[in-house]
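J.: Below is the structure I would like to discuss, written out as structure tokens.
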Amino acid sequence: LQDSLVLVHGGMAQNVGPILEMATEKYLLRSEAEFTARKQAVATLDAILQKLSAGDIRGLGAALTANFQGPLQTIIPWVTNRYTEQLIARTRAAFGDDFWGFWMLGGMSGGGMGFIFAPHRRREGQEKLRDIMLATKRELETALPFAMDPVVYDFAINEHGSVAVLLAGETALLPLAYYQQAMPDCLRRPSRDLSPRERADLQQFTRAARTSPEFSGALPALLDRMLPSAATGTDNAARLATLLAENGFDRAQHEQIRTDLRAGRIGLALNRLPATTRIEDVAASELASLQSGQNPDFQRAGLAALNRGEVAVLSYAAGVGSRWTQGAGVVKGLHPFAKLGGTHRSFIDTHLAKTRRLAATAGAPIPHVFTTSHLTHAPIERHLRAAHGADFDRSVFLSPGRSIGLRLVPTVRDLHFAWEETAQQKLDEQKEKMRDSVRAALTNWARTTGEGSDYTANLPEQCLHPVGHWFEIPNLLKNGTLARLVAAYPNLRTLVAHNIDTLGATPDPAVLGWFQSTGATLGWEVIPKRIEDHGGGLARVDGRLRLVEGLALPRESDEFNLTYYNTNTCWIDLDRLLALFGLTRAELADPERTAAAVRAMAARVPTYVTLKDVKKRWGHGQEDVYPVAQFEKLWGDMTALPECTNAFAIVPRARGQQLKDQAQLDGWQRDGSAAYIESLCTW
């Protein structure tokens, strides 16, 4: 085994918790296919042990590979990913029959893995596999959560077990890394507060630093760890100014929001509608129902509109999927989330495949636009040029972000509201005192720094924030993308905009026919609400039918009384929307005119203030955490404008379902949603 096995860490870092939960659920449910696979895996384990004890390493590799590709993926398809599949395929292509098998180590692949080679090619396998992993990681590092570059281990079996050596006297030194971590804390405290062990450690380290070559350079490094790194405020300020200018920072709007925040016109407490607001549920009879069957008239009208080139698709792809990957900063639109058509597909590729199929049905191209931000634009552009180069800027477009926010130091009022008015865990007495002390320090920081002042004392990327999906549509006006679309497709009159994770959203002819028949400015798709659907929904607010956000509801319980959930899929009549903004198609080429129109409309929709913790790192591993204020505006609040006409329709859940967490994937596949999405695609 030692002569054939190459152990690696692929560099990926994922939360394996959802995978283990899915495996436990499958075991408890005793689903037929999965339970049969489990019994097959148990039998495979017996075969693996027999191969190992017999020294049949080639047979062992084949059994391990069969277990990974068969039972494991039958039980949980999400144990594999595009990265792992490419590593296996590229290794097999490079070594042919001398590649004996793949061994998954852990709950899911991409981290600890084993590759088994013929003994005479193991050393070559180590070297080649390092290059394969690094090249594949470079291709996918914006799409999958990598924590480090891949590592190939040069391991050997320990024939002696665990051994120890007793050190005494001046030679009883721990590794240098221990002192680098432990000594800064000792040096910051008075000597009288040190324990005997800590005092002895400090004395030994000082003695070793004077006499031992290994420790002689440790003191300067120790001081570096204790003190903040050299200030780079000038560089950071220049970089921040560049990012703001490149991404359409609106200083006038920013100053208005700052003024409103300081004056108490906006804030955490004011996100909510007044307590006297009437929030009533909506009956199905008040909405158009597109849940079952096809209306032949709508279908014919929609197909004709598609054929005339009247429709474009807009997918929101500006976000890094921190919720999707539970903290990792990947581009969610590029994440190869599931196997469709036999290959791992990303959200972007899946949406393009649906548009491709509908365009073939309609007999005319359907332009597809992806909105981006400064965090996602470059990776998405590289992917689209490489994978869809012939269509780029012809039927596939990017709409770069032209709206960005600069975080603010929070007001003491908002800090107290967040700490005192929202539900929080009750701690024991000592922890409560510590938390109160921290909060007092943060309150003092906000006062002395300046409530509502710009937060710039950090890396530029930590000072910026997204401003909400309300700006995704106006960005089309500000960045010139809509002007280019109208020039390339003069018949364009309808946009369908949706979240990148709403996989069922398409320019469906029947839904298109319904929307164009309403004569409304905006058409909204809603689905029957389930317990896991959070974020507000469709309601009658003081008698007006509109979408209401969860954080705007006067009472948390109001959300549970709503029947319909907002999918955020919106049909837009282009000319009526331009009229609402006070623009014409001819004025789309005027950047100052469009920017002023967007600013004026933005002032009319609610501004939601939120607090977000940001880390400020300094020195070697030290970090401070500060709460900062940021704002967002949401597109659904357009339904509150009296002059904006809206239409609402109930659509099937498979069309409106959103994938917000990878733990949803198993249920999404099991209930037929994955098969439904695949049926809409042409790869």
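J.: Measuring from the lowest to the highest alpha carbon on each principal axis, how far does region 23-141 reach, largest first, in angstroms?
T.: That works out to 44, 39, 19 Å along the principal axes.
J.: Let me ask something else about it. Under 25 °C and 0.890 mPa s, how fast does region 77-169 diffuse according to Stokes-Einstein, given a Kirkwood radius computed over C-alpha pairs? Answer in µm²/s, whole number. Before the final figure, lay out the partial values.
T.: Numbers: Rh = 15.1 Å.
Calculated translational D: 163 µm²/s.
J.: To continue, here is another question. How much space per residue, in cubic angstrom, does the convex hull of the C-alpha atoms of region 340-479 take up? Can you show the working numbers first?
T.: Working: hull volume 29.0 nm³, N = 140.
Convex hull of Cα atoms, per residue: 207 Å³.
J.: Given the options Gln516, Leu60, Leu551, identify the residue whose Cα lies farthest towards the positive end of the charge dipole of the chain (+1 on Cβ of Lys, Arg; -1 on Cβ of Asp, Glu).
T.: Gln516
J.: Also: Select from Pro400, Pro490, Pro365 the residue farthest towards the positive end of the dipole of the chain; place +1 on Cβ of Lys and Arg, -1 on Cβ of Asp and Glu, and compute about the Cα centre.
T.: Projecting each Cα onto the dipole axis, the largest value belongs to Pro490.
J.: If you don't mind, another one. Would you list which aspartates and glutamates come within 20 Å of Lys529, measuring only between C-alpha atoms, while excluding same-chain residues fewer than 8 positions from it?
T.: Correct list for Lys529: Glu280, Asp281, Glu286, Asp501, Glu549, Glu556, Asp558, Glu559, Asp637, Asp661, Asp666, Asp671.
J.: Only sites in a loop by DSSP and with at most 15 other Cβ atoms within 10 Å count here; which chymotrypsin sites (Phe, Trp or Tyr not before Pro) in region 119-224 make the cut? Intermediate values should be presented prior to the final figure.
T.: Values: sites: Phe146, Tyr153, Phe155, Tyr178, Tyr179, Phe205, Phe215; in loops: Phe155, Phe215.
Those satisfying the criteria are Phe155.
J.: Compute the long axis of helix 251-263 from its Cα atoms, compare it with the longest principal axis of the Cα atoms of the chain, and write down the angle in degrees, 0 to 90, nearest 10.
T.: With rounding to tens, the tilt is 80 degrees.
J.: Here's something else I'd like to know. From Cα pairs below 8 angstrom and at least 6 apart in sequence, can you work out the relative contact order of the chain, rounded to a whole percent?
T.: Numbers: 1071 pairs, mean separation 111.0, N = 683.
In percent, rounded to a whole number, it is 16.
J.: What is the Cα coordinate range of region 152-299 on the first, second and third principal axes, sorted by size from largest, in whole angstrom?
T.: Largest to smallest, the principal-axis extents are 89, 52, 38 Å.
J.: I would also like to ask the following. For region 539-544, take each phi angle, set θ = phi - 60°, evaluate the Karplus expression 6.51 cos²θ - 1.76 cosθ + 1.60, and give the result in whole Hz per residue in order, putting x for glycine and proline.
T.: 8, 9, 9, 6, x, 9
J.: Looking at the P(r) of region 260-363, how many percent of alpha-carbon pairs lie beyond 18 Å?
T.: Numbers: 3938 of 5356 pairs.
Of all Cα-Cα pairs in region 260-363, 74 percent lie more than 18 Å apart.
J.: On a straight-distance basis, which lysines could pair with Lys616 in a cross-link, Cα separation under 29 angstrom, same-chain partners fewer than 8 positions away excluded?
T.: The reachable lysines, counting only those whose Cα sits under 29 Å from Lys616, are Lys137, Lys332, Lys426, Lys431, Lys433, Lys633, Lys660.
J.: Can you compute the charge dipole magnitude of region 532-573 about its Cα centre, using +1 on each Lys and Arg Cβ and -1 on each Asp and Glu Cβ, nothing else charged? Give it in debye, rounded to the nearest 20. List each step's numbers first, then the result.
T.: On the way: 4 positive and 8 negative charges, 43 e Å.
Computed charge dipole of region 532-573: roughly 200 debye.
J.: What value in Å³ per residue do you get for the convex hull of the alpha-carbon atoms in the chain?
T.: Values: hull volume 142.6 nm³, N = 683.
It is 209 Å³ per residue.
J.: What is region 303-345 by shape, rounded, prolate or oblate, if you read a ≥ b ≥ c off the alpha carbon gyration tensor as root eigenvalues and call it rounded for a/c under 1.5, prolate for a/b larger than b/c, and oblate otherwise? Kindly include the intermediate steps, with their values, before the conclusion.
T.: Values: a/c = 5.11, a/b = 1.85, b/c = 2.77.
Judged from the Cα gyration tensor, region 303-345 comes out oblate (a/c at least 1.5, b/c at or above a/b).
J.: What does the charge dipole of region 80-134 about its Cα centre add up to, to the nearest 20 debye, if the Cβ of each Lys and Arg holds +1 and the Cβ of each Asp and Glu holds -1? Don't jump to the answer; show the numbers that get you there.
T.: Values: 8 positive and 6 negative charges, 14 e Å.
The dipole of region 80-134 has a size of about 60 debye.
J.: Let me know the whole percent of all Cα-Cα pairs from region 515-621 that are separated by more than 17 Å.
T.: Details: 3930 of 5671 pairs.
Summing the P(r) of region 515-621 above 17 Å gives 69 percent of all pairs.
J.: Taking the Cα atoms of region 558-683, what is the range of coordinates along each of the three principal axes, in descending order and whole Å?
T.: Sorted from largest, the Cα extents of region 558-683 read 53, 47, 41 Å.
J.: Over the chain, average the accessible area per residue using a 1.4 Å probe and give it in Å², no decimals.
T.: Working: 31740 Å² over 683 residues.
Per-residue accessible area for the chain comes out at 46 Å².
J.: Then there's this: Report, in whole Å, the centroid distance computed from the Cα atoms of region 450-513 and region 89-168.
T.: 42 Å
J.: OK, next. What shape does region 239-317 take by its C-alpha gyration tensor, where a ≥ b ≥ c are the square roots of the eigenvalues and a/c under 1.5 counts as rounded, a/b above b/c as prolate, and the rest as oblate? The partial results should precede the final answer.
T.: Values: a/c = 4.53, a/b = 1.48, b/c = 3.06.
Taking the square roots of the gyration eigenvalues as a ≥ b ≥ c, region 239-317 is oblate.
J.: Ignoring ligands, DNA and RNA, please state the percent of accessible area on the chain from carbon and sulfur, probe 1.4 Å. Can you show the working numbers first?
T.: On the way: 16860 of 31740 Å².
About 53 percent, which is the carbon plus sulfur part of the accessible surface.
J.: Placing +1 at every Lys and Arg Cβ and -1 at every Asp and Glu Cβ, with all other atoms neutral, what dipole size does the chain have around its Cα centre, in debye to the nearest 20?
T.: Details: 75 positive and 75 negative charges, 98 e Å.
With only Lys, Arg, Asp and Glu charged at Cβ, the dipole is about 480 debye.
J.: Using a ≥ b ≥ c from the Cα gyration tensor of region 143-187 (square roots of the eigenvalues), is it rounded, prolate or oblate, where a/c under 1.5 gives rounded and otherwise the larger of a/b and b/c decides, a/b for prolate?
T.: oblate
J.: Provide, for q = 0.21 Å⁻¹, the log10 of I(q)/I(0) from a solvent-free Debye sum over equal Cα point scatterers in region 468-560.
T.: -1.31
The values are calculated or read from the model by the stated rules, or taken from the named source; none is laboratory data. Given the structure is predicted, the values throughout are model-derived calculations rather than measurements. A quick note on method: Cβ atoms are made from the backbone with ideal geometry, for glycine too, and the neighbour counts reach across all protein chains shown. Areas reflect the complete protein model, heavy atoms only, side chains present, ligands, DNA and RNA absent. Shrake-Rupley method; radii C 1.70, N 1.55, O 1.52, S 1.80 Å.
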